[in-house]
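Participant: Sharing a structure here in structure tokens format.
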Amino acid sequence: MQPWPIILLRRVYDESTESDGLRVLVDRLWPRGVSKERAAVDVWAKELAPSHELRQWYHGDEGDVDEFAIRYAAELEDSTAAADALLAEFDLPVVTFLTATKDPEQGHPAILRDWLLKRIETP
């Protein structure tokens, strides 16, 4: 069994590097102003991004980061087939989740990373 990769979080607008490993876009929509060549995305896991409704709620007046994390994790629980398909792609020691979010460490990519790592550790 291979060791699980390190999952890094980066903005899709940053230049790609060889140390990124597998580059996975984790946004539902393609980021504005970024060509497919410049983004250098290997996998687009849009089905694991927050739903349109959840994003609208979060960016609305009532959005709360803790409640968002709970609701997003619940959505992810309904997407286990997509999660398993993504995990099957993890054949490099490093995986980089890409997003247009301004702060990937405080947004849905961090929640997705933590949820996937927990899923890996407890099958």
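Participant: Kindly indicate which of Ala40, Ala45, Ala49 is in contact with a His (Cβ under 8 Å, 6 or more places away or on another chain) and modelled with pLDDT of 95 or more.
Facilitator: Exactly one residue qualifies, and that residue is Ala49.
Participant: Going through Ile120, Ile70 one at a time, which residue ends up being modelled with pLDDT under 90, of a type in the set (A, V, I, L, M, F, W, C) and outside any loop (DSSP other than H, G, I, E, B)?
Facilitator: Step by step, each of Ile120, Ile70 is checked, and only Ile120 is modelled with pLDDT under 90, of a type in the set (A, V, I, L, M, F, W, C) and outside any loop (DSSP other than H, G, I, E, B).
Participant: Turning to a different aspect of this structure: Among the residues of region 21-45, write down those that are touching a residue at least 40 places away in the same chain (Cβ under 8 Å) and acidic (Asp, Glu).
Facilitator: Result: Asp27, Asp42.
Per-residue answers, yes or no, for (1) at pLDDT 95 or above; (2) of a type in the set (Ser, Thr, Tyr); (3) assigned to a helix (DSSP H, G or I):
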{"position": "Ala83", "(1), (2), (3)": "no, no, yes"}
{"position": "Phe90", "(1), (2), (3)": "no, no, no"}
{"position": "Lys102", "(1), (2), (3)": "no, no, no"}
{"position": "Pro109", "(1), (2), (3)": "yes, no, yes"}
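Participant: Sticking with this one: Would you check if there is a residue in region 60-74 being within 16 Å of Thr101 (Cα to Cα) and touching a His at 6+ places or on another chain (Cβ under 7 Å)?
Facilitator: Yes, some residue in region 60-74 is within 16 Å of Thr101 (Cα to Cα) and touching a His at 6+ places or on another chain (Cβ under 7 Å).
Participant: Cβ-Cβ distance below 6 Å, separation of 6 or more or different chains: which pairs start in region 99-110 with a residue that is β-branched (Val, Ile, Thr) and end on one that is assigned to a loop (DSSP other than H, G, I, E, B)?
Facilitator: Thr99/Val26; Thr99/Asp27; Thr101/Gly107
Participant: Every residue in region 29-58 that is in contact with a Ser or Thr (Cβ under 9 Å, 6 or more places away or on another chain), surrounded by fewer than 17 Cβ atoms within 10 Å (Cβ to Cβ) and closer than 16 Å to Ser79 by Cβ, please.
Facilitator: Glu47
Participant: Could you check Arg23 against (1) outside any loop (DSSP other than H, G, I, E, B); (2) more than 20 Å from Ile111 (Cβ to Cβ); (3) at pLDDT 95 or above and say which number it fails?
Facilitator: In the conditions (1) outside any loop (DSSP other than H, G, I, E, B); (2) more than 20 Å from Ile111 (Cβ to Cβ); (3) at pLDDT 95 or above, Arg23 misses (2) alone.
Participant: I need the full set of residues from region 46-67 which are free of Cβ contacts under 8 Å to residues at least 40 places away in the same chain and within 16 Å of the chain's Cα centre (by Cα), in order please.
Facilitator: Across region 46-67, the qualifying residues are Lys46, Glu47, Ser51, His52, Leu54, Arg55.
Participant: Taking the options Glu62, Glu89, Glu67, Glu77, name whichever one is more than 21 Å from Arg32 (Cβ to Cβ), touching a Leu at 6+ places or on another chain (Cβ under 9 Å) and among the charged types (D, E, K, R).
Facilitator: None of the others qualify; the one that does is Glu89.
Participant: In addition: Give me the residue from region 8-20 that is free of Cβ contacts under 8 Å to residues at least 12 places away in the same chain and not β-branched (Val, Ile, Thr) and, out of that set, nearest to Glu105 (Cα to Cα).
Facilitator: Start the filter on region 8-20 by keeping residues that are free of Cβ contacts under 8 Å to residues at least 12 places away in the same chain, which leaves 14-15, 17-18.
Okay, now just the ones that are also not β-branched (Val, Ile, Thr), so 14-15, 18.
Working: Asp14: 15, Glu15: 18, Glu18: 21 Å.
In this case the residue turns out to be Asp14.
Participant: State all residues of region 80-123 that are over 13 Å from the mean Cα position of the chain (by Cα) and of a type in the set (S, T, N, Q); if no residue qualifies, say none.
Facilitator: Those that are over 13 Å from the mean Cα position of the chain (by Cα) and of a type in the set (S, T, N, Q): Thr80, Thr122.
The values are calculated or read from the model by the stated rules, or taken from the named source; none is laboratory data. Since this is a predicted model, take the numbers as computed values, not measurements. When we count neighbours, we look across all protein chains shown, and the Cβ atoms used for this are built from the backbone with ideal geometry, even at glycine.
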